[in-house]
1. Limited to segment A:110-121, what total is found for residues that are over 19 Å from the mean Cα position of the chain (by Cα) and within 14 Å of another protein chain (Cβ to nearest Cβ)?
2. Looking at segment A:322-355, which of its residues are among the aromatic types (Phe, Trp, Tyr), under 20 Å from A:Glu531 (Cβ atoms) and part of a helix (DSSP H, G or I)?
3. Across segment B:88-113, what is the total count of residues that are hydroxyl-bearing (Ser, Thr, Tyr) and modelled with pLDDT of 95 or more?
4. Looking only at segment A:324-374, count how many residues are in contact with a His (Cβ under 9 Å, 6 or more places away or on another chain) and among the hydroxyl-bearing types (Ser, Thr, Tyr).
5. Do you know which residues across segment A:297-311 are within 10 Å of chain C (Cβ to nearest Cβ) and assigned to a helix (DSSP H, G or I)?
6. Could you give me the residue pairs with C-beta distances under 7 Å whose first residue belongs to segment B:53-78 and is of a type in the set (Lys, Arg), whose second residue is in a loop (DSSP other than H, G, I, E, B) wherever it lies, and which are 6+ apart or on separate chains?
7. If you take the residues of segment A:275-286 that are surrounded by 24 or more Cβ atoms within 10 Å (Cβ to Cβ) and in contact with a Leu (Cβ under 8 Å, 6 or more places away or on another chain), which of them is farthest from A:Leu404 (Cα to Cα)?
8. Name the residue that is farthest from B:Gly58 (Cα to Cα), counting only residues in segment B:32-45 that are more than 7 Å from chain A (Cβ to nearest Cβ) and aliphatic (A, V, I, L, M).
Amino acid sequence: MLTATQAPAKKESYLTDGYGLKSWLLTSDHKRIAILYLISITFFFFIGGLFAAMIRLELATPAGDLLESDTYNKMFTMHGVVMIFFFLIPSIPATLGNFLIPPMIGAKDLAFPKINLLSWYIYVVGGIFTLYVMVTGGLDTGWTFYTPFSTTYSNTKVMAAAVGIFIAGFSSILTGLNFIVTIHRMRAPGLSWFRLPLFVWANYATAMIQILGTPVVAVTIVLVAMERGLHIGIFDPALGGDPVLFQHLFWFYSHPAVYIMILPSMGVISEIISTFTRRRPFGYTFIAFSSVAIAVFGFLVWGHHLFVSSQSVYAGMVFSVLSYIVAIPSAIKVFNWTSTMYKGSVVLSTPMLYAIGFIGLFTIGGLTGLFLACLGMDVHLTDTYFVVAHFHYVMVGGAIMGYLSGLHFWWPKMTGRMYPALWSKVAAVIVFLGFNLTFFPQFILGFLGMPRRYHVYPPEFQVYNVLSSAGASILGLGYLIPFVYLMWSLKYGKPAGPNPWGATGLEWQIPSPPPTENFEVTPVVTGEAYEYHAQEVVEVG
Amino acid sequence: MASHATALRHHFENPDQQQEASSLGMWVFLLTEIMFFGGMFMAYLAYRQAYPESFAAGSAKLNVTLGMANTLVLIGSSLTMALAVRSAAAGKSNKVIVVFLILTLFLGSVFLGIKAKEYHDKWIHHEVPGANFHPDEWPKGVDMSHASLYFGLYFGMTGLHATHMVVGVGLLLFLIIKAGRGAYSPAWHTPVEMVGLYWHFVDIVWIFLFPLLYLIDPNFGRQ
Amino acid sequence: MSTHQVESTPQVHTKHAVHIVPVPVYLGVFFALVIGTIATWQIALIDLGRWNAVVALTIAVTKATLVVLFFMHVKYSPKLTKLVVVAGIFWLLILLSITECDLLTRTWMGVPGR
């Protein structure tokens, strides 16, 4: 068993294999591309956070005293667009997925390395369009682009934003395509499907959604652009168009998109829980199949976003039933994770803290989704802060906590450095507390009737709004701290060995950081995944 | 004659794995294309059933002869493309492969030429949605109020299709140059296969576009 | 998981013989497609009411199937390819059919409160 204090070998790693900007910008190494993505999405995360800060600042008081209503519309729109399309959708797949999937399956790279690099460039171009929109007046349609406001009446940069999102969508499609082909065709000898790490299953299911759903929103954006330019009437009731048709086409992608955002995090959690309870995940097969089930069923429920849109009530009932059914695979995962932990040898490392937080917060988020799936309740709760709280619980309490968990877990592998354990745990607790203070009051606000996307509200709601804004500042601090110590660790962090956590998985058998080709010789897999025998945990980080 | 074996990329174990990966990759890409065109087909479906008369009236202004010609041209190009792939796989001479590819390119260009003529005709008859949109009315007071929906979808769907054809033409040019230099052989002809898959897909889209856009009611207005 | 390193790369994929489709098959498919096209046009000239669309689409689906099976070699392709094709059609049908479900049933039940 290797000790963690072993000095990093002088051998070349992917970080030292070629210096200079060109070697990074023209790389075909999936690990370097993952780092490029990591830098870009972190940039957009902070930009989206700035918009969130503006929102919570305005909402600290009932009157519209900080921003005009039009400006406020731009704030929540840009917050949504940036966070969803430029942070959450790429986050885990493009960073952790890109980095880890080849080593996890015993491959030297993804199936199409150059397409991988292309996907990053496409993402950057889409991001530049979005930055252009930000500095030339913004977008105020909501990230949902509902028509006919977006097609006819809005006088903000709808076309440019549409183009930016269209382009970013291609990045997502190419990542998904690469993962599907890689996982099908490049597994090491002996690595059958049911010996794969659950992280790989999760990214495979995510890739299914990326390739099947994203093209639909892409063509919908084309139609919006055509409508805005040529007024053919496709979504404008005045010309015979049907705005609800836009909503069908939009949500056909955007609902499965939320599963793009959560499935990879669930994959991370499966890895973390098993490593830090020293146990094979309970019900491995069920967890694997549930990932695919979520991907498939996730395509059948989009109409629950249209319950009050004048969609047919009959269709609403069908969507409502399907929305209850889609919760089942997620619940199966939660039960499996908690069963894994029962009587396991739990180690409260930083990734584990985030993972435990995930289980609690995702459960709350998921259950509140069921409230919304109920037709009758949705009439009362839709377009209120209840919905806002629900999706932030799953997206932030779920997806982002999972992302941070994975980032901390695999940070030693990616960089060869450990981060300071105390600070990381403090930050995890601050994130958890700040998050709950920000978003729990919003459930109450929504139930009491405060509408979303409003910059003013009745004075009796102020207490909850102030709690929420206070929580937001704590949450922001909680996100800043890891940024600081992770950057610090690159130079001053304790060098990490190949397997500081004592985890199973092919990625932990190669050096930290790995060499460019990952494996000198392709491994042959002869055992099941997660073969934990009371191994020592070397680090509690 | 293959002058060199397949350019095996370093991250693949063997040429078969590389070929299988490329093939699966192209099929997954075509899957995304099905959903991409599918969104517009959904819009078409929604509005044709909402405004059947406007759609029939708009459709009857299309030139069915040119549509038929284009359909047959594209089917022919699919045949020549399939024969080009076959020639490469069966080890025929470079010349044979190049001839079939050039025929495919030629037929594809004929398609685009006919399309350009149709678009031009629409333009001069003011049937292009936008500022200049005022198509001729049907004499019997037929409901043309939603004709812009029909023509918008016509241009959207055929325009998207034509864009894919243009990309296909570019890919064919690339193949022709490479094939002329003897790049393809039974051991390695994956690029030809892949472009072939793409080309056939674009043909299939047109197989659906033709009846849906041109043949809604060819007897419309003629009684 | 237990692994061991091996010197030579083990046989991962069996070499599949490239299936050469005979030219007459291609020509047969081509003529079927041409006949299908002419038939679509001729039948469209006959007024069958609602059935015109059904017939036209049936012929189109048949033509597409021939192209997929023979020109695109799916008949001779691995199972995974066939699965991908079926998945694509299935997902397209999800989009079309469930959206149609809304479009067709809007008048079935009232709106709450009215």
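1. Residues flagged as over 19 Å from the mean Cα position of the chain (by Cα) and within 14 Å of another protein chain (Cβ to nearest Cβ) within segment A:110-121 amount to 8.
2. A:Trp337
3. Initial filter on segment B:88-113 (hydroxyl-bearing (Ser, Thr, Tyr)): B:93, B:104, B:109.
Still in the running and modelled with pLDDT of 95 or more: B:104, B:109.
So the count comes out to 2.
4. So the count comes out to 4.
5. The answer is A:Phe299, A:Leu300, A:Trp302, A:Gly303.
6. Cβ pairs passing all conditions: B:Lys61/B:Glu127; B:Lys61/B:Pro135.
7. A:Pro281
8. For segment B:32-45, the residue satisfying everything is B:Ile34.
The values are calculated or read from the model by the stated rules, or taken from the named source; none is laboratory data. Bear in mind the structure is a predicted one, so any value in this text is a computation, not a measurement. No Cβ is skipped: glycine too gets one built from the backbone with ideal geometry, and neighbour counts run over all protein chains shown.
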